Every structure is written in C-alpha cells, then in structure tokens.
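The values are calculated or read from the model by the stated rules, or taken from the named source; none is laboratory data. Just so you know, these numbers come straight off a predicted model, no measurement behind them. With ideal geometry, Cβ positions are generated from the backbone for all residues, glycine too; neighbour counts draw on all protein chains shown.
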Amino acid sequence: MKNVILTGQDLTLEEFALVCREDAPVALSEEAKRNIAESRKVVDQIVSEGRVVYGVTTGFGKFSDVVISCDECKLLQKNLIVTHAVGAGDPFPRDAARGMLLLRINNMAKGFSGCRMEVVETLIDMLNKGVTPVIPQKGSLGASGDLAPLAHMVLPMIGLGKAEYRGEVLDGAEAMKRAGIPVVELSAKEGLALINGTPAMTSTGALTTYDALKLLKVADIAAALSFEAQNGVTDALDERIHVIRPHKGQMDTARILRQLLKGSENTTRQGEIRVQDAYSLRCVPQIHGASKDAINFVKQKVEIEINSVTDNPIILKDTLEGISGGNFHGQPMALPFDFLGIAVAELADVSERRIERLVNPALSGLPAFLTENGGVNSGFMIVQYSAAALVSENKVLAHPASVDSIPSSANQEDHVSMGTIAARKAREILGNTRRVLAMELMCVCQAIDMRGDKGMGAGTKPAYDTIRALVKRLEEDRPLYEDINLCESTILDGSLVSHVEDAASKIEL
C-alpha cells in the first residue's frame with residue numbers, strides 16, 4: 001500500500017481513515033523533517049540559555065511559575081506522562097487510538113512543537129508496525145487538550161503502560177520490543193508536546209464524521225424504499241420546489257431520491273391516492289438535507305484541525321521563541337462535534353417515524369406489524385420499540401457537552417471544552433442511528449412484499465435485492481435480531497451503497 005506522506009498541511013479525512021482503519025503506512029515529507037529539526041534547535045537553545053518558557057523550563061498548569069533546572073528537564077517530562085495517565089473506562093477503539101498517533105505526527109510535522117526527530121520516528125514506527133497504545137476513553141476535559149488519554153498514548157513509548165500488538169494486549173515495553181521499536185527517554189518539551197492538544201477528540205470525531213458521511217447515503221436509500229412501501233407522493237421531490245429554497249443538502253437529497261425512484265410504479269402522484277404524505281416522507285429532502293449540510297460543515301472543521309498545531313507552547317523558529325497560547329483548547333471542535341451528534345440523531349429520529357408508519361395499520365393500510373397472522377405472530381411490533389428506545393437514547397446523548405465547563409488546576413484552567421465527550425457521544429449516536437436504519441431497511445422490504453411490487457425504481461430495486469439476499473420475507477415469527485444484524489452488516493461493509501451505485505451508474509449518492 002502506498003505511503004501517506006505527512007506534511008502537516010494537507011492530510012485529508014479519507015487519508016486519515018485509510019491510515020486508521022486500513023493500516024496504510026505513513027512517512028514524513030522532506031520539508032517536514034527539516035521543520036522538525038529546526039524546531040528542536042530552538043528548544044535546545046532555550047534550555048541552554050536557561051530562559052523561562054512554559055513547560056520547557058517550568059512546571060505545568062498551576063506550577064507554571066515553578067522554574068525547573070536544566071538537570072531536571074528530563075525528569076519533568078517523564079513525570080508529566082506518568083502522573084497524567086489517569087484515564088478511566090473502556091479503551092478507545094483501535095482506529096481511534098491509531099488516529100491519535102497520526103495526528104500527533106502530523107502536528108509535529110509542521111515544525112512548531114520542538115520534539116526530536118527520534119520521538120517523531122518512534123510514533124511513525126508504532127503506526128507502521130502496528131503497536132497501538134491502550135487508551136482509556138474517559139478523563140479528558142478537552143483543554144489543556146486531551147491530557148489523560150494522550151498520556152496513556154505515550155506510556156508505551158517510554159516502556160510503560162499497555163499496548164496491543166498483533167491482536168494481543170501486552171505491557172508497553174514488551175509490545176515495543178516485539179515490534180523492534182526502541183523506547184525513548186523524553187527530553188525538554190517533548191512530554192508536553194505529546195500530550196497537550198486535541199488528538200483524542202479529533203480522532204474520534206473525525207472517524208465519526210467519516211462514517212456519518214457514508215451513513216447519509218444509507219439514510220437516503222432507506223427513505224426511498226419507504227416511498228416505495230408507502231406509495232409515496234413524489235411531487236414533493238420536484239426540483240422546482242427545492243431550487244427556490246436552495247440549501248445544498250436539501251437540493252441534493254431531492255435529486256438523489258428522484259434518481260433512486262426513477263421508473264418506480266409503486267410511488268404515486270399528488271391526488272392519485274392522497275394529496276400529500278406525512279412529514280417523514282414529504283420532508284425527507286429538508287430533514288436529511290439539513291443533516292448533510294451540518295455534517296459537511298463538520299468535515300470542513302475536521303480537515304482544518306487534523307492539519308493544525310494544537311500543542312503548547314508554540315516554538316517559533318524565525319524568532320527563536322517559545323510562546324504560550326491556547327491552541328490546545330478543544331472549543332473549535334467541541335461545538336462541531338456536538339453539532340455532528342445532533343445532525344446524525346435526526347436521521348434516526350425520522351427513520352423511526354417511517355418505521356412507525358409501516359407497522360401501524362391505521363397509517364399504512366397494511367396488516368398490523370407487517371404480519372399476516374397477527375395475534376399468534378407479533379411480526380415487527382417490537383422492532384419499532386427498539387428503534388424508539390435508540391432514538392430516545394440519542395436525544396439524551398445529543399445534549400451538547402460543550403455548554404458545560406468545570407475549572408481545573410487550581411482554577412488556572414478555568415474554562416474547558418468537554419470536546420472529547422462531545423466526540424464520544426457523537427460516535428455512540430452514530431451507532432444507534434445505523435441500527436435504526438437497519439431496522440427500517442428490514443421493515444420496508446417486508447412492507448413492499450405485503451403491498452405488492454408493481455415495479456421498483458432504478459436505485460431502490462438493487463437496494464431491495466441486496467437486503468432480500470440476506471433477509472427473507474417474514475412469514476412466521478422468528479428471532480429478528482439476527483436479521484437486523486445482517487441488514488446492519490450491509491451498511492457497515494458498504495455493500496448496500498455500492499450495489500445501488502453499481503446497478504444504477506447515473507446515481508451519485
């Protein structure tokens with residue numbers, strides 16, 4: 001696999017996911033190597049001259065006024081890591097932990113962090129050779145960056161902590177040894193440069209954003225199938241309606257639904273069966289479109305952040321300064337990640353309403369709960385319960401983390417972002433939403449079968465065929481969680497979207 005070349009300037013979300021999930025190797029550009037070396041020279045000069053620079057020759061947080069001697073600089077950096085590694089909870093997924101390593105490398109590639117090349121190369125070796133630190137998910141306030149999670153990230157580098165290597169969780173020193181990576185002794189500024197910043201929240205949120213962009217396509221497919229199952233009125237998708245309220249997401253969604261439903265004999269026109277549909281069908285362009293615009297906004301913010309310097313102090317090569325600022329503060333990502341969670345939650349919210357319209361005989365005109373022999377059979381009754389539970393959980397999770405703050409470090413750090421909590425919540429919301437959409441996919445295929453298929457659209461037919469290849473029509477009650485798992489698997493592996501796009505080449509989801 002071709003190397004992803006890191007410059008600190010142009011890492012894309014797609015490349016980020018490729019490294020995190022497909023183990024694409026990384027390498028530094030020649031310019032990045034020069035930047036790192038020149039930045040380190042400044043730190044060495046600061047130390048040799050005994051200048052007072054935060055975190056280089058001083059303590060941290062409330063201890064920023066305590067000057068540290070040159071002889072104690074190495075101990076200062078080691079103590080920083082071991083005392084800050086106080087995370088809680090289950091570990092971050094492997095892809096998110098790899099993302100933290102990647103973001104720290106790309107941050108340092110810009111040449112404002114002051115780490116030795118040896119330290120950066122250790123991070124690169126860990127990525128390329130598959131040593132993944134075990135990093136607890138909880139414990140970050142999102143300013144002064146993701147201190148606790150990133151301290152756990154660093155522990156294996158200095159021969160401590162835990163790391164996963166070839167599927168086995170080992171002591172950090174053992175994992176590094178098996179991979180053939182020497183541990184390092186941190187020098188001036190390096191511990192702080194490694195843990196002061198936003199990689200935990202950004203890695204988690206970036207991967208969630210990547211997945212959310214893909215899930216938008218699934219949501220459109222599910223909605224189009226619901227149009228088929230409910231004899232939806234396609235007049236609401238007329239381009240003339242949407243160009244006079246020209247939000248991009250709305251116009252794109254209407255266009256995609258028109259393409260997916262092209263040629264369908266199951267959909268109707270205004271007045272043929274009913275004058276208009278309920279909002280969960282009629283307003284899909286507006287609802288899905290708003291989420292699209294929101295998630296694409298978040299993507300823009302993510303691609304700024306993954307190419308940013310977020311540690312402190314900032315080392316300026318031109319003026320030989322170390323300036324203490326606030327680039328570690330997670331607020332620029334906390335707000336977008338809260339927005340991300342809300343935008344994804346809405347996809348589940350409207351999907352569950354479409355499920356309700358399918359299983360409720362008063363609304364669908366179909367047998368109750370999509371079963372022929374109701375009473376003995378419950379059909380899809382509890383599917384809607386489960387979807388409703390996930391949607392309600394999303395409503396709780398969608399409460400913004402960024403509106404909270406709590407002072408730390410004896411009130412020196414008196415406003416924090418809670419951005420890592422926002423990112424973790426968004427990821428949880430996305431998982432719930434994916435499950436709800438899997439339920440809708442299962443239900444719409446049953447409803448289409450029960451209503452009778454007169455002829456499906458260019459994109460909905462391959463979508464229906466993909467689900468039916470995995471999940472057969474429900475004739476009598478059976479355990480449905482396995483069917484839902486199969487529907488969810490076709491979302492996770494991308495096969496649903498790829499089958500639709502391959503079968504209908506003119507459809508751009």
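Could you tell me whether any residue of the stretch 491-498 is surrounded by 14 or more Cβ atoms within 10 Å (Cβ to Cβ) and of a type in the set (Asp, Glu)? No; the residues of the stretch 491-498 include none that is surrounded by 14 or more Cβ atoms within 10 Å (Cβ to Cβ) and of a type in the set (Asp, Glu). Do the conditions hold for ARG435, that is, is it among the basic types (Lys, Arg), closer than 24 Å to LEU281 by Cβ, assigned to a helix (DSSP H, G or I) and in the same structural domain as GLN384 (by TED's automatic domain parsing)? Yes; evaluated as a whole, the condition is true for this residue. Being under 18 Å from ARG424 (Cα atoms) and small (Gly, Ala, Ser) is the filter; apply it to the stretch 302-338 and report the residue that is surrounded by the fewest Cβ atoms within 10 Å (Cβ to Cβ). So the residue we want is ALA334. Quick check on this structure: which one of LYS189, LYS177 is among the basic types (Lys, Arg) and under 29 Å from VAL416 (Cβ atoms)? Within the list LYS189, LYS177, the selection yields LYS189. Is one or more of the residues making up the stretch 12-30 aliphatic (A, V, I, L, M), within 25 Å of ALA96 (Cα to Cα) and in contact with a Phe, Trp or Tyr (Cβ under 6 Å, 6 or more places away or on another chain)? Among the residues of the stretch 12-30, at least one is aliphatic (A, V, I, L, M), within 25 Å of ALA96 (Cα to Cα) and in contact with a Phe, Trp or Tyr (Cβ under 6 Å, 6 or more places away or on another chain), which makes the answer yes.
Taking (1) outside any helix (DSSP H, G or I); (2) without any contact (Cβ under 8 Å) to a residue 40 or more places away in the chain in turn, GLU372 satisfies each apart from (2). Could you tell me whether the stretch 319-331 includes any residue that is in contact (Cβ under 8 Å) with a residue 40 or more places away in the chain, assigned to a loop (DSSP other than H, G, I, E, B), of a type in the set (A, V, I, L, M) and outside the structural domain of MET100 (by TED's automatic domain parsing)? Yes, the conditions are met somewhere in the stretch 319-331. Scanning the stretch 28-61 for residues that are hydroxyl-bearing (Ser, Thr, Tyr) and either buried (at least 22 other Cβ atoms within 10 Å of the Cβ) or not in a helix (DSSP H, G or I) (or both) returns SER29, SER39, TYR54, THR57, THR58.
For the stretch 383-416, a residue qualifies if it is closer than 30 Å to GLU482 by Cβ and either touching a Ser or Thr at 6+ places or on another chain (Cβ under 6 Å) or surrounded by 15 or more Cβ atoms within 10 Å (Cβ to Cβ) (or both), and the qualifying residues are VAL383, GLN384, SER386, ALA387, ALA388, LEU390, VAL391, GLU393, ASN394, LEU397, ALA398.
The residues in the stretch 375-386 that are of a type in the set (A, V, I, L, M) and part of a loop (DSSP other than H, G, I, E, B) can be counted, and the count is 1.
If you check ARG258 against the conditions, is it without any contact (Cβ under 8 Å) to a residue 12 or more places away in the chain and either touching a Phe, Trp or Tyr at 6+ places or on another chain (Cβ under 7 Å) or charged (D, E, K, R) (or both)? No, not satisfied. Of all residues in the stretch 410-430, those that are over 17 Å from THR310 (Cβ atoms) have Cβ atoms under 6 Å from Cβ atoms of residues that are of a type in the set (Asp, Glu), 6 or more apart or on another chain, in LEU430/ASP211.
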